[in-house]
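Each remark here refers to the structure printed beneath this line.
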Amino acid sequence: MEPDSIPLRLSYLSERYDKNLPQVISVTEAIYGSYEDLLEDGQEFEVYFKKETPVFSMRMADKTYTVPLNSTFMFSVLYNPKNEDLSIARRGYNFPTVADLMKADPLPTVVYVGRDCVVASKKKSRKDQSILKGQILLILEAINKPKSKTLKCLIIGEASKEVFLDEACEGCFSTKESLLLFPLPKIAKCIKRPFMTSMYLSDGKILHPKFRNRHGMIDTTELSSVGSFICSTNLPSSRATSLVEIFVTVSVMFCVNQKNEAELATLNDNSILLSEKLTPDQISAVIFDSTATTNLLQNDLLLPQHISNWLDEVILTKRTPPRVHQIYESLEPFTDKQFDQNEASPSMSVQSSVDTHSPPPLPPRRSMILSPPSPLMGPVQVATLNNCAYGVAKLQKSPVHAATEAKQPESKIGQYFDTNKRLLADYNVSKIGEFLGLMGLKQYAATFSHELVDGKLFFELDDVMLEEDLGITSKLHRLRMMRIIRGEQHVNDFLTI
């Protein structure tokens, strides 16, 4: 097929065609030695979906690796203040009491509690709290007062539960690396960067071979995002089962191929079918850069296997049939007697607000004259002659971005409405998706992204839109969002620990 575009990088194709998938692209100006099996000149790919992956950067030795936020690997928080041998640091340091722990310079970021300990409550009306063996404490700060020294901590896993440990508290605290393993989403929420780390397999028991004699450093303070395409080689035998994820970071050039209407319709059907059964296990190869075949660690980090949130990163831009704004419903035909009774009033008015799009045409009917509604008309006039069936327009509810003409009942505005609206006003679509993740509602980020819901539009939503236009069927999930939208809850409850 003749190409439809000049050779372009995937990063540009992503910006230009991400709303018009699926497409067919082909490799041009391939680089010798880069994925010879897949990126040869002329190789075609059927591109089905775009994917946006939130990532951290990790440095190890002289290389920088891209680490997906939803990686299956576990990451440690390595404490090595004296820059000792790595094997010693991994065995960790033990601190019998809080007083011993407070002597450490610098203070560890997190520690493992090796025995049950009691935290005395400062208020007589409250019972003493217990910190159980096996819990992990995030150390916030040391508080030194003339008569007492305490350690302010947060119990990881119990959001917003702060504890103050007296210096006499005995907890057998440890920095042993294998006891301080976290998934990256937990690190993103709790652990300050930069910090030293090692990577373990998903069960947390086996150290990744690349980290046996070295450690990494996660030093990015903010998450970034990397785009990719989910596609298949243009081979019918592999279309349904074997997919390839190509990141926009590859330096190979691509062209968009011309396809006729029949070919595009078939491609669209394949895309719709694939979207209904898409799983990470179908990804047989991940192409991140031109030389990634020799970078086995980067391949391990990017190749998805059993990632629960992987599908949330895929933007299902399948081409569904256009939304029908006017649906015509057939009524029972008039009898001659009924027609005679209504001859004095030969037309029928249907009062409705008309969408700015023209309605789909009616199929031809015998002895019928239809006056199609104009976008500028108020009521729709449907004329009838003789004894014939005719249709009346049933209005369908507008999409999220359509102007809502029917006034919604005013909802109660909470005390944080103006503050919430101001704090999220500059959030783009990607940032709103991250905010949903902090609220524990990450599963809806892809839908919000598809509907282009940004910080400003977020506060125009109501309960009906959340349910019917954005598909949020859970009442509790809608309530959680509406508390922010109405200002009944402060956004800082989610933006801060």
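The values are calculated or read from the model by the stated rules, or taken from the named source; none is laboratory data. Since this is a predicted model, take the numbers as computed values, not measurements. Note: ideal-geometry Cβ built from the backbone for every residue, glycine included; neighbour counts use all protein chains shown.
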| request: Please work out which one of (1) among the polar types (S, T, N, Q); (2) out of contact with any strand residue (DSSP E or B) (no Cβ under 9 Å at 6 or more places or on another chain); (3) modelled with pLDDT of 80 or more is the condition GLN282 fails and give its number. | output: (2)
| said: If I filter region 432-444 for residues that are surrounded by fewer than 17 Cβ atoms within 10 Å (Cβ to Cβ), among the hydroxyl-bearing types (Ser, Thr, Tyr) and in contact with a helix residue (DSSP H, G or I) (Cβ under 9 Å, 6 or more places away or on another chain), do I get at least one hit? | reply: no
| request: Take region 439-479 and flag every residue that is acidic (Asp, Glu) and farther than 22 Å from ASN309 by Cβ. | output: GLU460, ASP462, ASP463, GLU467, GLU468, ASP469
| query | Between residues in region 207-221 that are without any contact (Cβ under 8 Å) to a residue 60 or more places away in the chain and closer than 18 Å to ASN299 by Cα and residues that are among the small types (Gly, Ala, Ser) and not in a loop (DSSP other than H, G, I, E, B), which pairs lie under 7 Å by C-beta distance while being six or more apart or on different chains? | reply | none
| request: Determine the pairs where a residue that is within 11 Å of PHE459 (Cα to Cα), located within region 407-420, has a partner that is at pLDDT 80 or above with Cβ atoms under 6 Å apart, the partner being 6 or more residues away or on another chain. | output: PHE417/GLY487; ASN420/ILE484; ASN420/GLY487; ASN420/VAL491
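Tell me which strands (runs of 3 or more DSSP E) are completely within region 131-209 and hold 1 or more residues being in contact with a Cys (Cβ under 7 Å, 6 or more places away or on another chain) and crowded, with 19+ Cβ neighbours inside 10 Å, or say none if there are none.
Numbers: elements: 136-144, 149-155, 162-166, 170-174, 195-197.
The strands (runs of 3 or more DSSP E) meeting that bar are 136-144, 162-166, 170-174.
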| query | Of the residues LEU423, LEU476, LEU466, which single one is of a type outside the set (Ser, Thr, Tyr), at pLDDT 90 or above and either surrounded by 17 or more Cβ atoms within 10 Å (Cβ to Cβ) or under 26 Å from ASP312 (Cβ atoms) (or both)? | reply | LEU466
| query | Within the group THR72, THR97, which residue is modelled with pLDDT under 90, of a type outside the set (A, V, I, L, M) and either outside the structural domain of LEU267 (by TED's automatic domain parsing) or on the phi < 0 side of the Ramachandran plot (or both)? | reply | THR72
| query | With (1) more than 20 Å from THR220 (Cα to Cα); (2) in contact with a strand residue (DSSP E or B) (Cβ under 6 Å, 6 or more places away or on another chain) as the list, and ILE88 as the residue in question, which single condition is left unmet? | reply | (2)
